[in-house]
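Data block below; observations after.
Nothing in this text is a laboratory measurement; each read-out follows from the coordinates by a stated rule. Note that the structure is predicted; figures quoted are calculated from it, not measured. All Cβ positions, glycine included, derive from the backbone under ideal geometry; neighbour counts span all protein chains shown.
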Amino acid sequence: MAIKIGDKNHDIDLSKIPYLSAFVDFQARAQPQLTEFIHGPIPLFDVALKGVESGYRHCFRALSTNLTQYHTLCNTYDFLCVDILGELTIDNIKYELTIDDIKFDLKRAKINEDRCGMPLYDDYRVSRNAAFRLLYLILLGEFKDEVKDSVKIFSAVRFVVSDHKRFMWKTRKIVRAAYEDRFVSSAKQRASLDRSAKTSPVNLSAEYYSDVSTELWWSEPPEYDYATDDSDF
C-alpha cells in the first residue's frame, strides 16, 4: 500500500503495522474518493520500517549509541502497535540469543567454509533480532517482580555484552546502557559487565567484519527447499 509519512512516500505491507492499517481503513471509509493516503511525520519511521521489513537487528546499524534514540524508536513501535515481543518471555529471548540461524543444511549442501573459517550461510540473525527484543523489553517491558526478573535480564545482558563475535559493539554498548538505565546494578554486576566488555581497539574492525560478513557481503541466502530436490549431493 502506497502511503506518505511526513514528506516521504512508502510502499508498506500494512498487515505488519496495525496502526497504519487502521488509519488507511478509516480514511478509505471516511473519504472513498481518496487516491493518496497521507500521515504526518512519525519519529524514526524509516528505521522502524526497516526493522519490520528486514529484521530488528538493522535498527542497531541505523542508529548511534545514544540511548534516547532507542527510547524514541521503541515508543514509535508502540505507537504503530507493532508487536515486538509477541508471547515471548525473557526466557524465550535468552534462548533465541544463543541460537544460530542456519537456513541451509550445511552438511547436505556440502558448502565449504569460506576463507575466514566461517560457513558461507551461517549467521546470527535470530540472535541479533533477539538482542533488539531484549532491548525493547528492558525499555518498555512490564515486570511482575522487577527484582527477580532483573536477575534474568542481567544474565541475558551479560551474554550479549560478552559475545563479541555474535553482537556488534554498538549492540553490546546500547543493551548494557539500557539495562543500567532501567535497573539498579550492583558493583559486582558492573564489574562482571566490565570484564565481559573488554576488547582491544585492534579487534573492533574484525568485529565489524564479523557482523556484516554473514549478511551484507554474501547477502541473504536464497530460499531453497531441499525436501523437493531430487539431485544428488
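Descending by average beta-carbon neighbour count within 10 Å, the peptides 155-167, 54-66 line up as 155-167, 54-66, the highest first.
The Lys8 and Ser155 beta-carbon pair, evaluated with R₀ = 41 Å, returns a calculated FRET efficiency of approximately 0.50. Descending by average beta-carbon neighbour count within 10 Å, the peptides 130-138, 7-15 line up as 130-138, 7-15, the highest first.
Centroid-to-centroid, using Cα positions, the range 66-82 and the range 31-53 are 15 Å apart.
If you rank Glu87, Glu180 by fewest surrounding Cβ atoms within 10 Å, what's the result? Please report the intermediate quantities before stating the final value.
Details: Glu87 6, Glu180 16.
Fewest-to-most Cβ neighbours within 10 Å comes out as Glu87, Glu180.
Per-residue extension of 0.36 nm, minus the Cα-Cα distance of Ala62 and Asp91, leaves a gain of 7.7 nm for this segment.
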